[in-house]
Amino acid sequence: MGLFSKKFTIVVVCKANITRSAYLHGYMENYLKEHMPYARKKICIRSAGVQARSGGSASQVVKHVAKLNGFSLKGHHSDPITQKIIKNADVILVMERYQKNLLLERFPKATGKTFLMMEYLWKGDSEDIRDIPDPTGQNTADYKEFIEIAHAEVERIFRELGRESII
C-alpha cells in the first residue's frame, strides 16, 4: 500500500446500531488488534443502522457481553446509514435480508457491495446462509448463539480477506 492508499472499509449494519453492529464493530477492531495487528493499517471498520438515531450508546447488555469477551463498547455512538458512508464503504455487511433490501432500495449505489454477513466471501452451500440472530432485549445468557455466530463469521471473513490479499 502506498503512502496515500485508501484503507479497505467494512461497514457493519443492523437495525439501530446499538446491539449487533455495535458489538461486531468492537469485536472486529479487537480481533484485528489481537490476531492481525499488521492489518490494522489496511482496514477500517465502521458501523451504522438502517433505522438508527445518531449518538445512541450501545445497549447495557451488549456492553456487558463485550466486556466478557475482552473489549469495551463504552465509546460507541450509533450512526444512521448515509450516502457518505455508502460511498466510502468497500463492503457493507448487514444482519438480515430485510436490512439488505431496505438499504439497496434507499441507496442504489450500495448494489454490488452489500451482503448478508454470512453471504460475504462465502465458499459453502448457499442454503447455509442465514440471518444473524438479534438478541436485543434479552439477557446476557441469551447472547450465546449470536456471539458464536458473530465470532465465527468475523474469523472467516478476515481469513478470506487475507487469502484475497486485501489484508
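Just name the residue that is surrounded by the most Cβ atoms within 10 Å (Cβ to Cβ) out of those in segment 95-118 that are touching a strand residue (DSSP E or B) at 6+ places or on another chain (Cβ under 7 Å), touching a residue at least 40 places away in the same chain (Cβ under 8 Å) and hydrophobic (A, V, I, L, M, F, W, C). Step through it out loud before you land on a result.
Step one: of segment 95-118, the residues touching a strand residue (DSSP E or B) at 6+ places or on another chain (Cβ under 7 Å) are 95, 97, 99-100, 103-104, 110, 113-117.
Okay, now just the ones that are also touching a residue at least 40 places away in the same chain (Cβ under 8 Å), so 95, 99, 103, 117.
Okay, now just the ones that are also hydrophobic (A, V, I, L, M, F, W, C), so 95, 103, 117.
Working: Met95: 26, Leu103: 20, Met117: 28.
Among them, the one singled out is Met117.
Between Ile85, Ile92, which is buried (at least 19 other Cβ atoms within 10 Å of the Cβ), in a strand (DSSP E or B), at pLDDT 95 or above and out of contact with any Phe, Trp or Tyr (no Cβ under 6 Å at 6 or more places or on another chain)?
Ile92
Return the total of residues in segment 15-74 being closer than 24 Å to Arg106 by Cα and among the hydrophobic types (A, V, I, L, M, F, W, C). Before the answer, list the steps.
To start, the set of residues in segment 15-74 that are closer than 24 Å to Arg106 by Cα comprises 15-22, 24-25, 44-56.
This time we only want the ones that are among the hydrophobic types (A, V, I, L, M, F, W, C), so: 16, 18, 22, 24, 44-45, 48, 50, 52.
Of the residues in that region, 9 qualify.
Quick one: which residue in Ser21, Ser47, Ser57, Ser72 is at pLDDT below 95, more than 22 Å from Ser165 (Cα to Cα) and of a type in the set (Ser, Thr, Tyr)? Don't jump to the end; show me each part of the working.
Numbers: Ser21 fails: at pLDDT below 95; Ser47 fails: at pLDDT below 95; Ser72 fails: at pLDDT below 95.
Just a single option satisfies the conditions, and that option is Ser57.
I'd like to verify a number: residues in segment 150-167 that are surrounded by 12 or more Cβ atoms within 10 Å (Cβ to Cβ) and assigned to a helix (DSSP H, G or I), how many? Step through it out loud before you land on a result.
The initial filter retains those residues of segment 150-167 that are surrounded by 12 or more Cβ atoms within 10 Å (Cβ to Cβ), namely 150-151, 153-162, 166-167.
The next check asks that each one be assigned to a helix (DSSP H, G or I); those that pass are 150-151, 153-162.
The qualifying residues number 12.
The values are calculated or read from the model by the stated rules, or taken from the named source; none is laboratory data. Quick caveat, the model's predicted, so the values are computed rather than measured. Cβ atoms come from the backbone with ideal geometry, glycine included; neighbour counts cover every protein chain shown.
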